[in-house]
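Okay, so here's the structure we're looking at.
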Amino acid sequence: MLEKLGLIPISEIIKNKSLQNFIFLAIIQSSNVLITIISMPLLIQGIGVDQFGLVNLSLSVIVLLNIMVGFGYNLSAPREVAINQQNKEELSHVVSNVFSAKILLASFATFLILTGIFGLNLFKEYQIILVYSVLLLFSEATLPLWFFQGMEKMKLISIANIFSKLLFLMGIVLFIHSPGMSKWVNFMMGFSGLTVNLFLLIYVHNFLEIKFYRPQFTAIWASMKENVLFFFSNLSGYISVNGGLIIFSFFANAETLGMYSLAERVVMVLRLFPAIIVQAIFPNASKLYKKDEQSFHRFMKVIYIRVLICGAIIAALTYLAAPWIIRVLSRSELGESVTYLQLLSPLLFLSCLNIPNITMMLVADLKQVLFKASWMMCLYMIITASILTYFYGGVGLCYGILSTEIVAYIICMLLLYKRNPNLFHAFYS
């Protein structure tokens, strides 16, 4: 009815590929968060707090190595897929080379772990758990999220991701009942992901008619050299986002660290919003930038205004609802956690400010600019957060993290203006 009255173009909204990408990426992230929340009490009850900590410690090592396995392909590959959507032959070569490169990187990461454990006797407390966790590296290597993102067909992979997480959750319920089973937790996560990924690759080959060629090592090496700056940008981004808790651990006791960690976990979930936006609009933005820059800038401006409004609303609601959120998650009154969450609530809006700068750097292939901005932001965060945490504790850390987002926005604007003033003026004029 609203559509007939011309008030809301519902059909156009539903058909919008960028909106569809955003919705399905949001579904993927939401399902990941939900399964994590459900699985935590089940694991603690099944294997105990100590083993749960070691499982998470092993997972953190794997997540860090998965940045190497990804090696920036999550940023570069969707663009290549989007550009070659209609060229099945070229698309097949892109897909074959990216998967081959990621599998080689996963094999190298596995070699590093095994060398560290059996050669250097590292990771003493959780060596067996870590060995069983390496399957997660190959789950990451075979994940075709970047392909479906570039093809702007996110529905299937969002459903597959939910199925994978449910398979993992079912494995916990059926098999994880004692501390001795802790080594199988990350293994089951990797196994469920890898199994679903292989079915997706069969679909890509049989139904989308994408051929898998032998790896072209010269092309793989060339792509890795092109992506090395993306890799270091992702690494610095990981440190910038997750480094606050590590810094705080040097200055705070366990109880205070736990209360800050609770607030940070909520904020990190909200902080996925701008990242999902960039991933969702990137394929369409890449095509528009290549075909018609004026359409690209109109598209970006419309997206930017809407995202800023949504970011401001969510940030305000988080601030107001902070006491209720902490009470629900902790089942107790933790005033310090409420304070941290309220202080960090503007982070979502501040992160949204930089969406057009990051997107323009990606579509214009300004890898060096993105690399420089990422490491400048990372260094600023480490120095500022360390100093403010030393003098003001958790409150100082919150202000350090907030100021990092503001500085990151300014740095990206200045570097973009210096490197490509025409692109800068076309959007900000």
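Hey, could you get me the Stokes-Einstein D for the range 298-344, Kirkwood radius over alpha-carbon pairs, 37 °C and 0.692 mPa s, rounded to whole µm² s⁻¹?
Values: Rh = 12.0 Å.
This corresponds to a translational diffusion coefficient of 274 µm²/s.
Any of K290/K418; K165/K367; K211/K301; K165/K301 with alpha carbons more than 27 Å apart? Name them for me. Numbers along the way, then the final one.
Numbers: K290/K418 21 Å; K165/K367 33 Å; K211/K301 38 Å; K165/K301 36 Å.
Distance filter (> 27 Å) returns K165/K367; K211/K301; K165/K301.
Looking only at T404, T142, T218, which one moves most when the chain is put into a Gaussian network model with springs between Cα atoms under 10 Å?
Maximum fluctuation in the GNM of the chain, among the listed residues, is at T218.
Ratio of alpha-carbon Rg to the 2.2 N^0.38 Å globular estimate for the range 93-160, to two decimals, please. Present the calculation step by step, with values, prior to reporting the outcome.
Values: Rg = 15.5 Å, N = 68, 2.2 N^0.38 = 10.9 Å.
My calculation over the Cα atoms of the range 93-160 gives 1.42.
Can you give the charge dipole size of the chain about its Cα centre, rounded to the nearest 20 debye, using +1 on the beta carbon of Lys and Arg and -1 on the beta carbon of Asp and Glu? Walk me through the intermediate numbers first.
Details: 28 positive and 19 negative charges, 159 e Å.
It comes to approximately 760 debye.
Check every DSSP H run in the chain and write down those whose alpha carbon atoms cover 18 angstrom or more along the long axis and whose mean Kyte-Doolittle hydropathy is -1.0 or greater. Please list the in-between numbers first.
On the way: long enough: 17-70 (45 Å, 1.45); 88-114 (39 Å, 1.07); 155-175 (30 Å, 1.90); 183-206 (35 Å, 0.93); 217-249 (44 Å, 0.95); 254-270 (24 Å, 0.98); 272-291 (29 Å, 0.61); 293-330 (49 Å, 1.13); 367-419 (38 Å, 1.18).
Going by DSSP H runs, the hits are 17-70, 88-114, 155-175, 183-206, 217-249, 254-270, 272-291, 293-330, 367-419.
What Rg and what Dmax come out for the range 166-309 when only alpha-carbon atoms are used, in angstroms?
Calculated on Cα positions, Rg and Dmax stand at 21.6, 60 Å.
Grab the alpha carbons of the range 285-429, take their convex hull, and tell me the volume per residue in Å³.
Residue-normalised Cα hull volume stands at 116 Å³.
With point charges of +1 on the Cβ of Lys and Arg and -1 on the Cβ of Asp and Glu, referenced to the Cα centre of the range 177-327, which listed residue (L194, L229, F296) lies farthest in the positive direction of the dipole?
F296
Show me 176-185, 357-366, 100-109 ranked by packing, highest mean number of other Cβ atoms within 10 Å first. Please list the in-between numbers first.
Working: 176-185: 17.6, 357-366: 21.6, 100-109: 19.8.
Put in order of decreasing packing, that is 357-366, 100-109, 176-185.
Work out the length of the dipole vector of the range 273-370 about its Cα centre, built from +1 on the beta-carbon of each Lys and Arg and -1 on the beta-carbon of each Asp and Glu, and round it to the nearest 20 debye.
Values: 9 positive and 5 negative charges, 67 e Å.
Magnitude of the dipole: close to 320 debye.
I'd like to know which of F71, V395, I382 lies farthest towards the positive end of the charge dipole of the chain, counting +1 on Cβ of Lys and Arg and -1 on Cβ of Asp and Glu.
F71
Provide Rg and Dmax in Å for the range 99-216, with only Cα atoms included in the calculation.
Final numbers for Rg and Dmax: 16.3, 47 Å.
Is it possible to state the helix-based mean residue ellipticity at 222 nm for the chain, with each DSSP H run of 4+ residues giving -39500 (n - 2.57), the sum divided by total residues, to the nearest 500 deg cm²/dmol? What is it? All intermediate terms of the calculation are to be shown ahead of the outcome.
Numbers: 19 runs with 363 residues, N = 429.
About -29000 deg cm²/dmol.
Checking a compactness column here: for the range 362-429, what do you get for Rg(Cα) / (2.2 N^0.38 Å), N being the number of residues? All intermediate terms of the calculation are to be shown ahead of the outcome.
Numbers: Rg = 14.5 Å, N = 68, 2.2 N^0.38 = 10.9 Å.
Against the empirical 2.2 N^0.38 Å value, I get 1.33 for the range 362-429.
Which one of F168, I220, L114 is farthest out on the positive end of the charge dipole of the range 108-236, using unit charges on Cβ (Lys, Arg +1; Asp, Glu -1) and the Cα centre as origin?
Working it through, the farthest residue towards the positive pole turns out to be F168.
Cα-Cα pairs above 16 Å in the range 163-250: how many percent?
Values: 2848 of 3828 pairs.
The proportion of pairs with Cα distances above 16 Å equals 74 percent.
Assuming a ≥ b ≥ c are the square roots of the Cα gyration tensor eigenvalues, decide whether the chain counts as rounded (a/c under 1.5), prolate (otherwise, with a/b larger than b/c) or oblate. Please report the intermediate quantities before stating the final value.
Details: a/c = 1.42, a/b = 1.10, b/c = 1.29.
Judged from the Cα gyration tensor, the chain comes out rounded (a/c under 1.5).
Could you give the accessible area per residue of the range 300-383, probe 1.4 Å, as a whole number in Å²?
On the way: 3900 Å² over 84 residues.
With the other protein chains kept in place, the range 300-383 gives 46 Å² per residue.
Highest first, please rank the peptides 90-97, 376-383 by the mean number of other Cβ atoms sitting within 10 Å of their residues. It would help to have the intermediate numbers written out before the result.
Details: 90-97: 20.4, 376-383: 18.2.
Answer by packing, highest mean first, reads 90-97, 376-383.
What size of dipole, in debye to the nearest 20, comes out for the range 33-152 about its Cα centre when the only charges are +1 on Lys and Arg C-beta atoms and -1 on Asp and Glu C-beta atoms?
Details: 4 positive and 7 negative charges, 25 e Å.
The dipole of the range 33-152 has a size of about 120 debye.
How large is ³J(HN,Hα) for each residue in the range 138-154, as worked out from phi by the Karplus curve 6.51 cos²θ - 1.76 cosθ + 1.60 (θ = phi - 60°), to whole Hz, x for Gly and Pro?
Values per residue, Gly and Pro as x: 7, 5, 5, 5, 9, 5, x, 4, 4, 5, 5, 5, x, 7, 6, 10, 8 Hz.
Could you state the principal axis extents of the C-alpha atoms in the range 47-93, from the largest down, to the nearest angstrom?
The principal-axis extents, from largest down, are 52, 17, 14 Å.
When the accessible area of the chain is computed with all protein chains present and a 1.4 Å probe, what percentage of it is carbon and sulfur?
Working: 14590 of 21220 Å².
C and S atoms contribute 69 percent here.
The values are calculated or read from the model by the stated rules, or taken from the named source; none is laboratory data. All values derive from a computational prediction rather than experimental measurement. Heads up, the Cβs are rebuilt from the backbone with ideal geometry, glycines too, and the neighbour counts pull from every protein chain shown. All accessible areas refer to the heavy atoms of the entire protein, side chains included, with ligands and DNA or RNA removed. Shrake-Rupley method; radii C 1.70, N 1.55, O 1.52, S 1.80 Å.
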